[in-house]
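Peer 1: One structure follows; several queries about it will come next.
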Amino acid sequence: MNIKKIAFKIGALILNILVMILSLSAIFPIVWLIYSSLKTEREFALSIASLPAHPTFENYVNAIKTAKMHIYFFNSLFTTVISVILIVIFSFIVGYFFARYQFKGRTLLYTMFLAGMLIPIHALLVPLFVQFKVFGLLDRRITLIFPYVGLGLPMAIFLMENFIRDIPHEIEEAAYIDGATLTQTLFRIILPICKPIISTVVILSALSTWNEFSFALVLIKSDALKTLPVGLTNFSSQYTVKYTQLMAAITIAILPVIITYLAFNKKVIQGLVAGAVKG
Amino acid sequence: MERQLFKPRARIFIAYLSLPVLWYLFVVVVPLVLAIRYSLYEWSGGPKMKFVGLSNYIQLIHDYDFWFSFKNNLIITLLCIIGQIGIAFILAALMTTQALKFKEFHRTVIFLPVVLSPVVIGFIWMLMYNQQIGILNWVLRAIGLGTLVKPWLDDPKLVIYSVSVPLIWQYIGFYLVILMASLQSIPKEIFEAAEIDGADGFKRTIYVILPLLSDTLKVSIMLCIAGNMKVFDHIYVMTGGGPGKSSMVMAQYAYNNSFIMFKLGYGSTISVGILVLSLVIILLSRKLMGGSEK
């Protein structure tokens, strides 16, 4: 009995060690990247694995001065904030009408939006490029907001509609009896109730917008308007690659995401799973 | 449908819905229709557009490079199904045992790469694979496996496996969390009963957990196929499809044709081809697995 117990304990210990190694290998590349970005190019070349002996922000200063990372950062931030706001407003409105009303063309619109979740975005690259060229929308500050909002809508509408459907009708009926208009009911009464699902939509759309690459690569040409993912590729092709500087640039791109994730990890995980499994 | 509330007039519907609907038509529906149209033309972006009927599609069927890319997509998909869902399944099963500690920590940490941009993941692994400064070769040397040191991304035979590793690595956490969520909806008594009946860890996993998760596993496999048929960002950053064409995938091939060689017509044909092939593979695998609950 005792031997069995000891064997079980040893087994459990080995198991824990193995899983711990796996977990650490999931973050090691990121940790390595971040601490290496604090080394000088020389120190890194001499010993690529050791911790920085004299941490320095020199690489960050250079990433901003020569590679203009702060511009890409601002562009990403701008595009993400505007896109997320529009996705939330649009999906809330459309989701509400889908959840509450039967109207002409509802089925058609509904199918059209839901089918959007299946469309592979790469099929849209060429026609969107051509379309934007015709409309003079290529390479503008607002360019990327168009596809990001359009592609974010299907999932967001789906989540909103499912959520609103479960809100009891009595709440709106009471509001109408009190003489509230549709607009007032919509934004003063229903919107606050939707807070939990709105935060899910914000997380999902903010992440996919911040990380998006293909459209940014095709639709934006001028350096001053590039977002972080494209800015990074630029960085490595244009300058003679200084690895530690590239690492600092990558860190600038991922730090906001990592901090947000660590602060709200439960909510983020739940949101991404809700988005993926689609109910 | 449910009972109707006080119903606003049509003009209010139009006022509220027109902007989102027009927006969506402009950036999703119209381009999709145009993609099909362009796929029937020979066109390099200029004013000259030559209608060629289905000949682009005939060319696509005989295009060795396209089918080679498709084969690479299949290899990546297969490796990802085994790697991502396999590892995630084992971890999810372990998460149900008492023996494993720090479950919360493991889940949080393993999920972290999921939220990062694929471009960033590509860059990080490019650095890790690097010949001079890569940590991978450094580790191999440090633990006395110097003979295994390789030019991971420059060896045409190896590269397709090298580019799959970051993909697998990034999304294990995603499938882990899906599987864990589905295990949480199963009453704890089932696991306890299995333990009382004397089922050991292995038997418990195979006979209790696997059947309970089969539907979720099927959904995961579908997600995995759909995701890997359109894989692009990682590859673009790490190899651009090279060396030569050895790590070329369909999306990269479509991109190269459309935006490097400016064959906009043929590029569209390729993307329609990707769409069709993805659907076929998804339907086929659904048939093979005996259909999922949805």
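Peer 1: Return yes when A:Ser83 is polar (S, T, N, Q) and either closer than 30 Å to B:Gly45 by Cα or part of a helix (DSSP H, G or I) (or both) and no when it is not.
Peer 2: Yes.
Peer 1: Among A:Thr233, A:Thr227, which is the only one that is at the interface with another protein chain (Cβ under 9 Å from one of its Cβ atoms), more than 23 Å from A:Phe57 (Cβ to Cβ) and polar (S, T, N, Q)?
Peer 2: A:Thr233
Quick grid of which residues meet (1) under 25 Å from B:Ser258 (Cβ atoms); (2) surrounded by fewer than 24 Cβ atoms within 10 Å (Cβ to Cβ); (3) at pLDDT 90 or above:
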{"site": "A:Phe73", "(1), (2), (3)": "no, yes, yes"}
{"site": "A:Arg140", "(1), (2), (3)": "yes, yes, yes"}
{"site": "A:Pro147", "(1), (2), (3)": "yes, no, yes"}
{"site": "A:Ala156", "(1), (2), (3)": "no, no, yes"}
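Peer 1: Output the number of residues of the stretch B:245-262 satisfying the condition of being surrounded by 17 or more Cβ atoms within 10 Å (Cβ to Cβ) and either of a type in the set (Phe, Trp, Tyr) or at the interface with chain A (Cβ under 10 Å from one of its Cβ atoms) (or both).
Peer 2: The number of residues fulfilling the criteria is 9.
Peer 1: Another question, if that's okay. Among the residues of the stretch A:46-68, what is the count of those that are outside any loop (DSSP other than H, G, I, E, B) and of a type outside the set (Phe, Trp, Tyr)?
Peer 2: Number of matching residues: 8.
Peer 1: Being touching a Gly at 6+ places or on another chain (Cβ under 7 Å) and surrounded by fewer than 21 Cβ atoms within 10 Å (Cβ to Cβ) is the filter here, so list the residues in the stretch B:91-111 that pass it.
Peer 2: Once the filter is applied, which keeps residues that are touching a Gly at 6+ places or on another chain (Cβ under 7 Å) and surrounded by fewer than 21 Cβ atoms within 10 Å (Cβ to Cβ), the stretch B:91-111 yields only B:Thr97.
Peer 1: If A:Ala99 meets every condition in (1) within 21 Å of the chain's Cα centre (by Cα); (2) within 25 Å of A:Ile193 (Cα to Cα) apart from one, which number is that one?
Peer 2: Going through (1) within 21 Å of the chain's Cα centre (by Cα); (2) within 25 Å of A:Ile193 (Cα to Cα) one by one, A:Ala99 breaks only (1).
Peer 1: Output yes when any residue across the stretch B:151-165 is more than 12 Å from chain A (Cβ to nearest Cβ), part of a helix (DSSP H, G or I), touching a Pro at 6+ places or on another chain (Cβ under 8 Å) and of a type in the set (Val, Ile, Thr), and no when none is.
Peer 2: yes
Peer 1: Among the residues in the stretch A:106-128, are any at the interface with chain B (Cβ under 7 Å from one of its Cβ atoms) and either touching a Cys at 6+ places or on another chain (Cβ under 7 Å) or more than 25 Å from B:Ser268 (Cβ to Cβ) (or both)?
Peer 2: yes
Peer 1: Just name the residue that is nearest to A:Gly275 (Cα to Cα) out of those in the stretch A:175-201 that are among the aliphatic types (A, V, I, L, M), free of Cβ contacts under 8 Å to residues at least 40 places away in the same chain and surrounded by 13 or more Cβ atoms within 10 Å (Cβ to Cβ).
Peer 2: Of everything passing the filter in the stretch A:175-201, A:Ile197 is nearest to A:Gly275 (Cα to Cα).
Peer 1: Let me ask something additional. Testing B:Gly144 on (1) of a type in the set (Gly, Ala, Ser); (2) more than 7 Å from every other protein chain (Cβ to nearest Cβ); (3) closer than 30 Å to B:Gly241 by Cα, one condition comes back false. Which one is that?
Peer 2: (3)
Peer 1: Starting from residues that are assigned to a loop (DSSP other than H, G, I, E, B) and closer than 29 Å to A:Leu255 by Cα, keep the ones in the stretch B:64-112 and report whichever is nearest to the other protein chains (Cβ to nearest Cβ).
Peer 2: B:Lys101
Peer 1: Looking at (1) under 18 Å from B:Asn137 (Cα atoms); (2) buried (at least 16 other Cβ atoms within 10 Å of the Cβ), which one does A:Ala49 not meet, given that it meets all the others?
Peer 2: Failing condition for A:Ala49: (2).
Peer 1: Restricting to the stretch B:255-278, name every residue that is farther than 14 Å from B:Ile36 by Cβ and hydrophobic (A, V, I, L, M, F, W, C).
Peer 2: Passing the criteria: B:Phe259, B:Ile260, B:Met261, B:Phe262, B:Leu277.
Peer 1: Filter the stretch B:98-127 down to the residues that are among the aromatic types (Phe, Trp, Tyr) and within 22 Å of the chain's Cα centre (by Cα) and list them by number.
Peer 2: Within the stretch B:98-127, B:Phe111, B:Phe123, B:Trp125 meet the criteria.
Peer 1: Take B:Tyr175 and decide whether it is surrounded by 14 or more Cβ atoms within 10 Å (Cβ to Cβ), in contact (Cβ under 8 Å) with a residue 12 or more places away in the chain, within 12 Å of chain A (Cβ to nearest Cβ) and within 21 Å of B:Ile82 (Cβ to Cβ).
Peer 2: Considered against the rule, which asks whether it is surrounded by 14 or more Cβ atoms within 10 Å (Cβ to Cβ), in contact (Cβ under 8 Å) with a residue 12 or more places away in the chain, within 12 Å of chain A (Cβ to nearest Cβ) and within 21 Å of B:Ile82 (Cβ to Cβ), B:Tyr175 comes out as yes.
The values are calculated or read from the model by the stated rules, or taken from the named source; none is laboratory data. Predicted model only: the values in this text are computed from it and were never measured. Note: ideal-geometry Cβ built from the backbone for every residue, glycine included; neighbour counts use all protein chains shown.
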